[in-house]
Amino acid sequence: MGGFFGTISKRDCVMDVFFGTDYHSHLGTKRGGMAVYDPKIGFQRQIHNIENTPFRTKFDKDLAEFKGCSAIGCISDTDPQPLLVRSHLGLYAIITVGIINNSEALIERYFSDHGHQFMAMSSGKVNATELAAALINQKDDLVSGIRHAQEEIDGSCTMLILTPDGIIAARDKLGRLPVLIGQNDEGCCVSFESFAYHKLGYIDAYELGPGEVVKVTARGWETLAPAGDKMKICAFLWTYYGYPNSNYEGVNVEVMRYRNGEIMARDEVQKGQLPKVDYVAGVPDSGVPHAIGFANRSGKPFARPFVKYTPTWPRSFMPANQAARNQVAKMKQIPVPELIEGKKLLFVDDSIVRGTQLRETVEFLYESGAEEVHMRSACPPIMYGCKYLNFSRSNSDMELLARRTIQNLEGDEGQQHLEEYADSSTERGQCMLKAICKEMGFDSLGYQSLDGLLEAIGIDRDKICTYCWTGKE
């Protein structure tokens, strides 16, 4: 994933961008960057590796050197950014969030015969932000260039561009990620997460529509290119990676998660499938609000049988090495024996992707004396790696627990019946649940239905991207 924050003000805004960007640290672990503009000094920029050190620690020493009334910052899980670009459109800094699936085809089509060189990442792949800038620079103005880039890119591309006279924000053409504008008496900000600017004294002012391009100044904002009619915002904003106190399309993340858990419990009670358990618990941290909703509706007491020790390793997907990540995840799980020993427990997790850490969690619970462990996923079985954002992306869909289980059950034939496997009311759906329970050590397993999830979000279902569950765009 990734996130960004920008501010333009009548006063120096470096601290606002520093804190606003830091509040997006839950969205990425690889690179952090800031670009600041001052009419006398010009552009100032810094990029740091944040894989083992938080954004705020890396950039704390840079703050004294930055000066300006307009600035942008980002947390990136992919490319080093923001980039400074000099072209016939002028000098500007650019940040992108998204995925370019057709980068090689774009380079071949537009740049192979022009002697154009691109910065290569350590993996050999092209820096996606640089490619987006190159596409923008093919046109005679920034807005036309942004539109051109977004039309040509297969995937998604949300942008923030800092120029000497303002900040240009462009939401992906299908609005897969949010872009919000906050305002105070001295200026405006642009953010992925709304809570980031609330803490800095800005109030909600405007939410960009899909594909909309807006210019932001200290005086306000104006639309440079209107929003499109079609939207496909990512459902996982609410289910998993959105921060609890943020709102997207008018729907609060934490409230949605409570409602989602309630709907899961409601449907399970109606079907007579709710097991007899001592406690309902959430898999920390994003599974907890779903579990609270489940407990409230089911009438089962909520508890925290284990907690995560986070002061030294605040994010479970650090470090980069998988074996080290697994060890860190294990070290972070601190049991509360009085709530585990001899108890029947029902856990709700935000999602089940590959299942590696979840298997270790279940083993840890049984080792700690649990009598039964029942698992619930707050979303449907993930059948497809995301091709629009950096969530649930994988080298192969067979890395996904559901797809791997289906292959083990029925081979290639099973891959022709994914919709049936995703429905727990079918024979194939029941077979998949039983197979996963056997592999993972659950006493029972349940997934939220797609209808239930969409009901919990509460906006027009045609405006929500459900590709990772259905494979339909």
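Bear in mind these aren't lab numbers, they're just calculated from the coordinates by the rules spelled out. On a predicted model such as this, the values are computed, not experimentally measured, just so you know. Cβ sites come from the backbone with ideal geometry, for glycine too, and all protein chains shown count toward neighbours.
Observations on the structure shown:
- Placing R0 at 56 angstrom, the Cβ-Cβ distance between HIS148 and GLN415 gives a FRET efficiency of 0.90 after rounding to 0.05.
- Residues LYS343, LYS276, LYS58, LYS40, sorted so that the one with the fewest Cβ neighbours within 10 Å comes first: LYS40, LYS276, LYS58, LYS343
- For region 251-470, relative contact order (Cα pairs under 8 Å, six or more residues apart, normalised by length) works out to 20 percent.
- Stretchable slack from LEU84 to ASP140, in nm (0.36 nm times residue separation minus alpha-carbon distance): 18.3 nm
- Sequence-separation-based contact order of the chain, relative, with Cα cut under 8 Å and 6+ spacing, percent: 12 percent
- For region 2-231: relative contact order, % (alpha-carbon pairs under 8 angstrom, 6 or more apart): 20 percent
- In the chain, the DSSP-assigned H stretches of four residues or longer account for a calculated mean residue ellipticity at 222 nm of -8500 deg cm²/dmol, using -39500 (n - 2.57) per stretch and the full residue count as denominator.
- DSSP beta bridges fully contained in the chain are about 80 percent antiparallel.
- Sum of side-chain charges, SER70 neighbourhood, beta-carbon under 15 Å (Lys, Arg +1; Asp, Glu -1): +2
- Summing charges over neighbours of SER377, with a neighbour being any other residue whose Cβ is under 12 Å away from its Cβ, gives -1 when K and R count +1 and D and E count -1.
- Each other residue within a Cβ distance under 14 Å of PHE5 adds +1 if Lys or Arg and -1 if Asp or Glu, for a net charge of -1.
- Expressed to the nearest 5 percent, the antiparallel share of DSSP beta bridges inside region 251-470 is 15 percent.
- For ASP22, ASP350, ASP285, ASP113, the sequence from fewest to most other C-beta atoms within 10 Å is ASP113, ASP285, ASP22, ASP350.
- Only the Cβ atoms of Lys and Arg (+1) and of Asp and Glu (-1) were treated as charged; on that basis the dipole of region 251-470 about its Cα centre amounts to roughly 620 debye.
- Sequence of ARG359, ARG257 once ranked by neighbouring C-beta atoms within 10 Å, starting from the fewest: ARG359, ARG257
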